[in-house]
Structures are given as C-alpha cells and as structure tokens.
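Worksheet for the structure shown next.
Just so it is clear, none of the values below were taken in a lab; they were calculated from the coordinates. Since this is a predicted model, take the numbers as computed values, not measurements. Cβ: placed from backbone, ideal geometry, glycine included. Neighbour counts: every protein chain shown.
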Amino acid sequence: MKSIFTRFFVFFILFVIYSNGNTQNIQVSSRSEHIQVLNDTTYTVEVSVLLKASDEPVVYPIFYDHELEKVSNIKVFRKRRNRFREIKEPETAEETIELDYITSKRVIFILVPPGDEAKITYTISCSELMYFADLRFFSLFDTDTLKYRVSVPEQFWFSYTTTHTDLLEYLTIDSVKTDQVFEWNIEVTPVKVDPDPLMFFGIYRNRKLPIMRTIVVPQKYKNKEKTWLNNWFLAKSESSKGLDSIARQKIDELTYGITDQEQILEIIYEFVKYSFKYVSIQIGLGAFIPSHVNEVFINKQGDCKDLSNFLCEALNYKGIESHLALAATYNHISDCDFPSLGSANHVVCVAYIDDKPILLDPTDPVHIPNKPVQSMQGRTILITNPWGGEFQKVEAFSPQQNKISYEIELKACSEQSFLEGGFSVLYEGISGNFLKRSFLDQTKDRKNHLARQHFQRIFNNQLISGITVFNNPDSIVARGKMSVRGKIFNDVNRQFLFLDFAPRLIESQQRETLLDGTYIGNTMKKKVKLIITMDRDFKPFDPVSHVHEEEGVSLNLTISNPSDGIIRYEYVFVLDHIFMDEENTKHVNKILNAFKKLSDEPIILQGKI
C-alpha cells in the first residue's frame, strides 16, 4: 500500500496538515499509554487511541526514533454494533524524515476509514531507559482524556516533576505497589495546542505547556537522580574524547608562547566559534551524545554538544579544567532544574580558572567569556563532572549592566519645518547583542548600512546619514547625523512641536506593543537625552514630568526649558524582564502605550509678545 503514500503526500501531511488544524481535525476520545520498565533497563509503551467517528478519512501519524525504538503490533479497529472489529489489512506507510537536523526519526501513517469510531493500538519498544524522559499533558489533537500507566520493577525508582499544571482542568496521579512492581496511574484532561510540526519530534519552542519530566533510576539512586544522570552522560560521552596529534598541534600553534590561562581560553574559544560551523540541532539521544572530537575537528562543524565537547577537550589539553553541562535555553518548555533529558535542549562548556566557573557557548558568536550567555540567562544548567554533577543557576545581567544611552542635539529651522543635528548612542553589557548578530561577517560599509536602517526605524523613519559604528567586544557605539521633517507647525503666535521621533523604548522588537511569549533577550536601563535649539523665542514653561511604574518596568519622562530657546526632553526606561509572559506583558504594554500617547501629543510653545 506504500505506493498510495508518495513522498510528496507524506511531507504534505507533515508540514501542511499539521501546521493547519483546520485541514485535518483528529478527534480523540482517549489515548492510553502503558509504559513498562523491564529488568534489563529497556522499556515498552503499549498505546491505545480511541478515535471519534469522522465523515472524512483520518491519517493518524506515529513518530518514532528508529535508532532506539521499534514499533510493532499495529492494529486498526472499526466499531460495528457496539464492538470493535479488527481491520485485517490496514493501509499504512512509513517514511524517514529527511531534514538536516532530524537524523533518526521516522513516521508511520495509518489511514483510518470514515464513518465509524475507530481504535488504533501499537507497541513501542525502546532500548534506552534514559529516553523515557517526559509525559506530555497536552495534545495536538482534540483529545478528551490522556491516561498514563507507569509500571516499574521494585529494583528501580520512578522520579518525576510537573510543570505548568495550573493550565490543566483535571489531573490525578496515584501510585501503588503490587507484586514487586510500583505503578503510577495518571489521568489528565490535556491542553489542546495549535499544531506545530516540530512538536512531533519533541521540540517545544516558546511553549508554556503542562508536562511531567521523568527519570527512572536504580533504587540505590533514589533521591540521587542527579548523580545517575551525570554518570550516565559521562559514560555515554567518554568514547568521544581524546584529541589526536593533528588537533593538539593546531591548538599548540594557536597558543604558542602564551601562558596566561584567561588568554589561552579566549584564543581557543574564538577559534571554535569562528572556525567551526554550527549545524543546528539533532533529535533523540543524538542531541546529547557528542560526535568524536577528532571528527568534529576534521569536519570543522557540529551542533551544540559537538562544539562544546571539542572546546572542553581543547581547554583540558591546555590545563584548563572544563566540563560539559546540560542546559535549557529561554525557549525550552522547562528549566534544566530536574535531572532528566526532558529538562535540557542544549549543551555548553563550563571552564574553571582559579576555581571560578566560566560559562562558554560556542554556538553563540557574540558571547564573550565572563559574561552571561544571553539565551540562558536565569536558567539552570547541570554541570557534569566526576563528582556527581552540579546544578548551577546562570547569571542574568541587571538593567544597570545593560545601559543604553542616547545623546541627541538638534537645531530647528521653523521656516522649512525641519530639525537637523546629530546623535550618539552607547549600548553596554548585552543590550546591543541584537545588533552584533546582524553585523556578523559584514564589511564596514555593510555594517554602517545596516545601522542606518536600524536607526531610521528607531527614529520613526527620519533621515539618517553619516553613520559610523564601533563594534567593541562588550559594547557598541554609534554616531550619526539626522534630519527630522514635518514636526514643527507654526500658528499665529505659537508653535507646535511633535517629538514622536524620539527613540522607541524597546529596539529589538518591531511591534509597538508586545505579545505573550515575546523574547526580549535582555533587561535594560535606557536613558535618552534630546536637546533642541529653537530658532524662535518662546515663553519659558515649567518642567512637565510623567512617571509610570509597573512591576519590573518603569518610565520617567521629563520635558523642560533649561534656558532661552532650549527644549530638553529626557526619559529613563527600565525593563527588568527578559521573556514576556501573560502577567508581565500587561505591565510592559501599559508603559509602551503610555509612551506612545505622550509621543503623539505636541509641545505647545507660546511666542513672546
């Protein structure tokens, strides 16, 4: 029957149907999974899916990792006269998912005829117990009930933690010991989520969803699950170690004559970041078990765990203690604060100089040592080492460390209704990382062109020229000229001055207000000082201040007349959020809307009589 399911159809199903829930609406009465851990540290999953009656044929997918898992005993039943009767030769097709970053996934499509309720049953056998890393309390289909039954022999222990269960309408978890077996029974009304093809492969980007992270360990490691995962990871990655003479020679050449450890670290870190190609991600155990360091060196490419592993080996070779760490980036479904492969979506290197840990991420080309890795701020990592492993919280930069400072001076020409002058801006900390990323591998002229486009947007599409950019390791400085048109309006004895060209509050986002789930990337303290010299006399006015404060965000804006003919416009904007959730989005948008309203109101200058 495979001829029915051509390659075109398979990928049409995968990337069209499951990215558009209206194309195929699979209605599921219940899905049950019985996970049985076996004495030999393998496990099986017996799956039963009850499908509601449909007027259209249903194509039901089974995704699995063919390197670790085997799917068997696929059966399809149709309900006739209150009984499920097996379809003797169900129509199925199997295809390998051929994407650059998905190397071990396959999908089996099952065609379910229309008109009746149906049941699909199958068994998945897995050779690696550590792969049993999560139970999902959400569904991409309209599912009434999810049921999990976890059976674990008494010589093992099932440990878990749940995340975002406040999103669930119903959840029960019960456990019992029967006949030398521990059993956990879990029933949940799952959260329905919008279809996303990557979620079929366990990639949950920018998703706040309920999930149970799991790990099964020998009984003697009960309450020592971190140590078990640590030791497992070290054992699995041991075969990837060992630099050959060619790799060692290159590292020696790079560091010849240098004895300072910090300088050696920086040289090797720069070498890996800029000489090796980062090749996205992998799925399954391939996402965690590194390729051999010599293979990575020869090919000059790898994903996060490959590049970090090579970096660790190179640093250890030069006498700098280094270890791999499992990590969760900002867009992962959970933090890496529980010892499970379901907690991590990233691998980094942690080096030690004078017993101080230095976090290194060779996949982040703008990161510098002794600074936070932007994508992991406030997250937890599990540093793997011979002493049982260590959880560590990643530092996040404070707003005070991420200053953005604007100095703008303009002169007015009322007759032609324009303002002209110049500006300078300093981005400190990681506040300018979004610009640094756009400048990567660009010529000087191209950088200046990109900067001009950026500041034209920041200044509300005013004319920017003569731009120069200084891209320093820990800061960005930019200077330029600007011409502002159509912001001065003359009346009989007064002028209207609009300042809606003042720099927007948040530069890394295109939207004027933010959506839940928006990743800002850094905290900030942004200070803008705009001095305008008018060419007509006007009556002095008292300073006008606007103060807006919400949790984790504030705006203090002042307009004053410090001397004759001078208007001084200043604001200080402080943002202490990196990622927008349901609660802080309301607070931040309230400030953004207040700023927009103030920017749209003109300053009225009364002429002197």
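Shown in residue order for the stretch 67-73 are the 3J(HN,Hα) couplings computed by the Karplus curve 6.51 cos²θ - 1.76 cosθ + 1.60 at θ = phi - 60°: 7, 10, 10, 10, 9, 9, 6 Hz (x for Gly and Pro). If R0 equals 56 Å, the separation of the Cβ atoms of TRP387 and ASP537 corresponds to a calculated FRET efficiency of about 0.15. What percent does the relative contact order of the chain come to when contacts are Cα pairs within less than 8 Å and at least six residues apart? Once normalised by length, the contact order is 9 percent. Annotation: amide H-H contacts under 5 Å for GLN301 (H modelled 1.01 Å from N, sequence separation of 5 or more, or interchain): LYS277.
As a calculated quantity, the FRET efficiency between ARG479 and ASP445 at R0 = 22 Å, using C-beta atoms, amounts to about 0.90.
Excluding same-chain neighbours fewer than eight residues apart, the aspartates and glutamates reachable from LYS371 by a Cα-Cα span under 15 Å are GLU262, GLU266, GLU270, ASP361, GLU395, GLU428, ASP474.
Across the stretch 376-383, rounded Karplus estimates of 3J(HN,Hα) from the backbone phi angles (6.51 cos²θ - 1.76 cosθ + 1.60, θ = phi - 60°) give 10, 4, x, 8, 9, 10, 10, 7 Hz, Gly and Pro being marked x. All other residues whose Cβ lies under 11 angstrom from that of PRO290 are scored, Lys and Arg at +1 and Asp and Glu at -1, for a net of -2. Less than 5 angstrom separates the built amide H of LEU209 from none of the residues sequence-distant by 5 or more or on a different chain. Computed over neighbours whose Cβ is under 11 Å from that of ASP516, the net charge equals -1, Lys and Arg +1, Asp and Glu -1.
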